[in-house]
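Trainee: Below: one structure in structure tokens.
The values are calculated or read from the model by the stated rules, or taken from the named source; none is laboratory data. Just so it is clear, the model here is predicted, and its values are computed rather than measured. Don't worry about glycine lacking a Cβ; one is built from the backbone with ideal geometry, like all the others, and counts go over all protein chains shown.
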Amino acid sequence: MKRLLSLALAATLLTAAHPALAQTAEAPYQLAFFQAKPKASVQMDYSHFTLKNGLQVYLSHNPLEPRFYAQVVVNAGGKQDPADATGIAHYLEHMLFKGTSKLGTLDYAKEKALQDKIVALYDEHFNTTDEARRTELSKEINKLSIEASQYAVPGELDGLYSRLGAQGLNAYTSNEETVYLLSLPKNRLEQWAMIESERFREPVFRLFQSELETVYEEKNRSMDNKESILWEAVEAQLYKKHPYGTQTILGSVEHLKNPSLTKMYDFYRRYYVPNNMAIVISGDIDIAETRKIIEKHFSDWQPGPEPVFEAPAEPPIQGVERVQVQYPGEEKVTLAFRTAPYSHADRDALTMIDMLLDSGKAGMLKLNLLQPQKLRAAGSYPMIQNDYGAQYLYAIPKEGQTLAEAEALLLEQLAQIKAGNFDESMMQAVALDFEISRKRALESNQARASVLANAFLRGESVEDQLAQSARLRALKKADVVKVAQKYFGSNYVAGHRVDAAYEFPEISKPALESVPLNPNQRSPFAEKIEQHPAPELQPQWLEPAQQMQVRSFAPGVLLHHAQNPVNDLFNFTLSYDYGDKHHKHFCTVMSELNNAGTGDMTAADVANAFFKLGVSAQFSCGDYGFSLSLSGADPQFEEALALGERVLWQARLDPERFAAKIQNILTGRKDEKKDLQTLRQALRNWVRYDDESGFIDRPSAEELQQVSVDAYPEMTKALQKQNFKFYYVGKMPLKRVENLLRKYHQPRQISLPLLNPRKAPPLELVERHKDKVRIYFLHHNSAQSNIDLVLPGAQVNPKDHLLTSYYNQYMDGGMGAIMFQEVRESRALAYSTWAYAFNGSRLGDQNQLLAYIGTQADKTAEALKLLIELIRTPPESANHFERAYKALDNQYRTGRIPFREVFDTVEGWAELGFDSDPRPAEFARLSEVELKDLMAYIQQTIGDKPLTLTVVGDRDKVNLPALKQLGTVIEVQPEQIFHD
């Protein structure tokens, strides 16, 4: 599935407008829950019950790995923010990682006296408009925060969870809800309940000032995101009364500068009550025992008044309401049609319309606009929320094409649906695609939890959630046409993003001292949790002979087979070690197979055929590899294989479409030099690989324009001579798969001997300089500076992998690790920061250390100086080391190789010289490593070696003289890092 399903199932939508249940006194629409109750075609075991205090609980048993995934769901989000204090829900989400009166504190009585003063000062700050007084108050708050920090244990929640083996500790805030999530080993269920029941009982908003600066940085990131800028403008026009459009989840710049802790506590007391919350758990759990644990630890939460949200009534959209924003780079049009809220009876028909437009595989936008290259890009997605819904269509125009022309092309596709000009069989294909995508998603605990959470947030039963594909299958064409005519008329919002300079709102760096942190202590509460008895889990290693079979298909040709123990969905890949480096322009031509016909079938016929089978088909190509991948349900494997092989060897390629594609590639290259993230990636790759960077080592415009689809026969002829492999995961037995491959693989008569093409050379990084520190600076008008550090290492040595794992956990293993603590929590220099040592993936490859800080432009020098210090001489902390050890110990004990990843994992081990699972040997050595060994490893691999840093930022805001105090600064121009 595409965006629609990701909205329903994804577990970590950080700021997406995620629909949720709201109580409305006067609903904008007449609500009508679905009358039909088709049986769910996708099944999932679950249990649902409600505690006496109103807390709803959803549980699902999934034994694929010895872990569970948990969500604490709050039915309140950005739309509940006070109009004069936007961003409160999101701020609160951040603060609920800071602890309580028991967690995260060494002496709460002394800390509280200071916290109360801080709250009072923030209230005064909120109520005054005198900027000079606000500055004084900020300094007073800073002073008190430093004093209060002596009683705080920073990052204790994350550190505690890390020592228990947690993964993915996070949270997100959307318009409708706030969700707190993580995964833990199954033996830690009661400790999780002890922590979470305390976490939401009496939160303390300690270390708020530094977290405030962190949220500023998150806001800066959004202002550097061209998609967010257009999105917010469209939403403001679409919803002139409702918070969906009148405010943003992150909040306004003015409100971020002037927060109120009292309003935040008010929000917490109003919405964080058990009768407005749910607990969702999926994993290897005993349902009855889990229920007892939840009743034991969460029943004493006290309910509150039922929160009520009054949804403002939006006036109808009058005609075409236009909005325009400016941002350098590619132009874009987004159309927004107001539709219906989640609980409306039209929702399924609206879902069908979206999928007919853009299934991600064979929708009308792809077949009518993208395959013939009438647009550079186009798509659609719904945002069906509790109070209102909307359907969005977007397009990126071609060179010389106006936004108005792109808009007209999108409207033409809607007109086709309103006129009923579509094949009704495509509706059944949509339902099948939806069903298969959901079935595949439900292999994961995250997806299962999201289905259960959505049931709570939408006020639906779980059965209704699971029955959507059946309801889609029951829709008639007349139903869809009627709904399309109802909502997709001449009243809509059109947002245009034009290629022009963008003016960033000013957020200046405050003159505040960093807050000293001492993470080496623990609260009595944390010690109690860690001492709670839990049975020890034993590791389970991969035995390839038991989980996969490898059979000779022909001399030198192997068939890899693995069973799917969960459902009837297969994955199949035909793989060649052959690509662009073996045959010039190979990928430019062979990637066209994704838009090819075959025999008497047009490209649209092929796409529709795969879609009706419920099969995803993808041809992929790279420097040293080419593959055909198929995925779907086993009953359709034979037909999909036959069609995939026909397209591969007997494709019909359209010369006109191909020429238009080349032109669109060249247009995209012009926009690369204006895009912040592309500039950052290109600069970093240039520093690492020089002229072998993928942005330089690529065909020139002149070379591309000389390429023709006439080269296809020559390329397939070369491919037929190469060695290859088959990979299959599914329910069918090996012999059946082998027989089908012998029947359909073309050419059936394999010419021997097959060639083994040269493999990719070992990965090597460029040694650019001998300076102690060299900084490559590239100017770009942006709110943030993006700082990357690159350090080439030695050739990969598998014996060092364990120390590398220790380093990555120590430096970057979550909110309690060195980078997060020092950069974000102590100094508030970034929202996003990391440091990670990457081992080479094959013997002979070079290791590399990469690190990153995204910081406000006027903090660049300070952030860069700190990054250098942390990489060269990180703090030596026994607490951080213990945390890393326990996190790794739990990873080994609970890590399982997913059945769909067995082939890649085993081949990855082989590339490093292992003929069996290397983890048992690493696990045996785990407890032998000491802190001194890690420090010695850091000194050996980093020490005083030359450091290379890249900075992409605004020259007018970055203090370049200060950067020159840190190392040699060389300014780079975009022309140096791109080859047109």
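Trainee: Here is a list: SER708, SER631, SER700. Which entry is under 30 Å from LYS735 (Cβ atoms), small (Gly, Ala, Ser) and assigned by TED's automatic domain parsing to the domain that holds PRO733?
Mentor: Unique residue meeting the criteria: SER631.
Trainee: A further question follows. Residue check: is TYR381 closer than 23 Å to ASN175 by Cβ, touching a strand residue (DSSP E or B) at 6+ places or on another chain (Cβ under 9 Å), of a type outside the set (Gly, Ala, Ser) and surrounded by fewer than 22 Cβ atoms within 10 Å (Cβ to Cβ)?
Mentor: Judged against the criteria, TYR381 is a match.
Trainee: Considering every residue within the range 557-580, establish whether at least one is more than 18 Å from GLU714 (Cβ to Cβ), assigned by TED's automatic domain parsing to the domain that holds GLN720, assigned to a helix (DSSP H, G or I) and modelled with pLDDT of 95 or more.
Mentor: No, the range 557-580 contains no residue that is more than 18 Å from GLU714 (Cβ to Cβ), assigned by TED's automatic domain parsing to the domain that holds GLN720, assigned to a helix (DSSP H, G or I) and modelled with pLDDT of 95 or more.
Trainee: Specify which of the listed residues (MET715, MET732) is at pLDDT 95 or above, over 35 Å from the mean Cα position of the chain (by Cα) and either closer than 30 Å to VAL550 by Cβ or among the acidic types (Asp, Glu) (or both).
Mentor: Answer to the selection: MET715.
Trainee: Of the numbered conditions (1) over 21 Å from the mean Cα position of the chain (by Cα); (2) free of Cβ contacts under 8 Å to residues at least 40 places away in the same chain, ALA794 fails exactly one; give the number of that condition.
Mentor: Single failed check for ALA794: (2).
Trainee: Conditions first: (1) polar (S, T, N, Q); (2) modelled with pLDDT of 95 or more; (3) closer than 26 Å to GLU435 by Cβ; (4) not in a strand (DSSP E or B). SER359 passes all but one, so which condition is the exception?
Mentor: The number of the failed condition is (2).
Trainee: ALA861 passes all but one of (1) under 27 Å from the mean Cα position of the chain (by Cα); (2) touching a residue at least 60 places away in the same chain (Cβ under 8 Å); which number fails?
Mentor: Condition not satisfied by ALA861: (1).
Trainee: Same structure again: Which of the numbered conditions does ALA120 fail, given that it passes all the others? Conditions: (1) crowded, with 19+ Cβ neighbours inside 10 Å; (2) under 23 Å from GLY251 (Cα atoms); (3) of a type outside the set (Ser, Thr, Tyr).
Mentor: Looking at each condition in turn, ALA120 falls short on (1).
Trainee: Identify, from the list GLU639, GLU645, GLU656, the residue that is surrounded by 16 or more Cβ atoms within 10 Å (Cβ to Cβ), in the same structural domain as ASP568 (by TED's automatic domain parsing) and out of contact with any strand residue (DSSP E or B) (no Cβ under 9 Å at 6 or more places or on another chain).
Mentor: The unique qualifying residue is GLU639.
Trainee: Further question: Of all residues in the range 519-531, count the ones that are at pLDDT 95 or above and within 34 Å of the chain's Cα centre (by Cα).
Mentor: Going through the range 519-531 one residue at a time, the tally reaches 6.
Trainee: A follow-up question, please. What's the total number of residues in the range 83-111 that are part of a loop (DSSP other than H, G, I, E, B), within 29 Å of the chain's Cα centre (by Cα) and farther than 22 Å from PRO519 by Cβ?
Mentor: 3
Trainee: Scan (1) over 32 Å from the mean Cα position of the chain (by Cα); (2) in a loop (DSSP other than H, G, I, E, B); (3) within 23 Å of LEU106 (Cβ to Cβ) for the single condition GLY489 breaks and write down its number.
Mentor: (3)
Trainee: In the range 205-229, how many residues are at pLDDT 90 or above and either aromatic (Phe, Trp, Tyr) or crowded, with 22+ Cβ neighbours inside 10 Å (or both)?
Mentor: The total comes to 2.
Trainee: What helices (runs of 4 or more DSSP H) completely inside the range 662-736 contain at least 3 residues that are over 17 Å from LYS584 (Cβ atoms)?
Mentor: 676-689
Trainee: Right, here's the next one. So LYS717 ticks every box in (1) within 20 Å of VAL647 (Cβ to Cβ); (2) touching a helix residue (DSSP H, G or I) at 6+ places or on another chain (Cβ under 9 Å); (3) in the same structural domain as LYS581 (by TED's automatic domain parsing) but one. Which box is left unticked?
Mentor: Single failed check for LYS717: (2).
Trainee: Of these, ILE287, ILE281, which one is surrounded by 20 or more Cβ atoms within 10 Å (Cβ to Cβ) and within 25 Å of ASP45 (Cβ to Cβ)?
Mentor: Of ILE287, ILE281, the one residue that is surrounded by 20 or more Cβ atoms within 10 Å (Cβ to Cβ) and within 25 Å of ASP45 (Cβ to Cβ) is ILE281.
Trainee: Taking the options ASP634, ASP690, ASP654, ASP605, name whichever one is over 23 Å from GLU330 (Cβ atoms), without any contact (Cβ under 8 Å) to a residue 12 or more places away in the chain and over 25 Å from the mean Cα position of the chain (by Cα).
Mentor: Matching residue, one of ASP634, ASP690, ASP654, ASP605: ASP605.
Trainee: Follow-up question, since we're still on this one. For GLU232, only one of the following conditions fails: (1) closer than 29 Å to GLU314 by Cβ; (2) at pLDDT 90 or above; (3) of a type outside the set (Lys, Arg); (4) over 24 Å from the mean Cα position of the chain (by Cα). What is its number?
Mentor: Every listed condition holds for GLU232 apart from (4).
Trainee: Looking at LEU169, LEU157, which one is within 17 Å of GLN821 (Cβ to Cβ), assigned to a helix (DSSP H, G or I), touching a residue at least 12 places away in the same chain (Cβ under 8 Å) and of a type in the set (A, V, I, L, M, F, W, C)?
Mentor: LEU157
Trainee: Separate question: With the requirement that a residue be at pLDDT below 95, surrounded by 13 or more Cβ atoms within 10 Å (Cβ to Cβ) and hydroxyl-bearing (Ser, Thr, Tyr), what does the range 488-509 give you?
Mentor: TYR502
Trainee: Restricting the range 760-801 to residues that are among the polar types (S, T, N, Q) and outside any loop (DSSP other than H, G, I, E, B), which is surrounded by the fewest Cβ atoms within 10 Å (Cβ to Cβ)?
Mentor: Among residues in the range 760-801 that are among the polar types (S, T, N, Q) and outside any loop (DSSP other than H, G, I, E, B), the one surrounded by the fewest Cβ atoms within 10 Å (Cβ to Cβ) is GLN795.
Trainee: Then there's this: State all residues of the range 510-529 that are surrounded by fewer than 14 Cβ atoms within 10 Å (Cβ to Cβ) and either in contact with a Phe, Trp or Tyr (Cβ under 9 Å, 6 or more places away or on another chain) or among the charged types (D, E, K, R) (or both); if no residue qualifies, say none.
Mentor: Of everything in the range 510-529, those that are surrounded by fewer than 14 Cβ atoms within 10 Å (Cβ to Cβ) and either in contact with a Phe, Trp or Tyr (Cβ under 9 Å, 6 or more places away or on another chain) or among the charged types (D, E, K, R) (or both) turn out to be GLU513, GLU527, LYS528.
Trainee: Now for a different question. Helices (runs of 4 or more DSSP H) wholly in the range 362-459 with at least 1 residues that are in contact with a Gly (Cβ under 8 Å, 6 or more places away or on another chain) - which ones?
Mentor: The helices (runs of 4 or more DSSP H) meeting that bar are 425-441, 445-458.
Trainee: Could you please find all residues in the range 916-935 being over 14 Å from LEU802 (Cα atoms) and more than 33 Å from the chain's Cα centre (by Cα)?
Mentor: LYS932
Trainee: Considering every residue within the range 464-482, establish whether at least one is outside any helix (DSSP H, G or I), within 27 Å of the chain's Cα centre (by Cα), over 25 Å from ASN608 (Cα atoms) and in contact (Cβ under 8 Å) with a residue 24 or more places away in the chain.
Mentor: No, that holds for no residue.
Trainee: A further question follows. Since VAL333 meets every condition but one in (1) closer than 30 Å to GLY668 by Cβ; (2) outside any strand (DSSP E or B); (3) aliphatic (A, V, I, L, M), which condition does it not meet?
Mentor: Just one mismatch for VAL333, condition (2).
Trainee: Could you tell me how many of the residues in the range 172-210 are part of a strand (DSSP E or B) and under 21 Å from ASP812 (Cα atoms)?
Mentor: So the count comes out to 7.
Trainee: Okay, next question. Within the range 530-551, restricting attention to residues that are among the charged types (D, E, K, R) and part of a loop (DSSP other than H, G, I, E, B), which residue is surrounded by the fewest Cβ atoms within 10 Å (Cβ to Cβ)?
Mentor: Step by step, filter the range 530-551, then rank; the result is GLU536.
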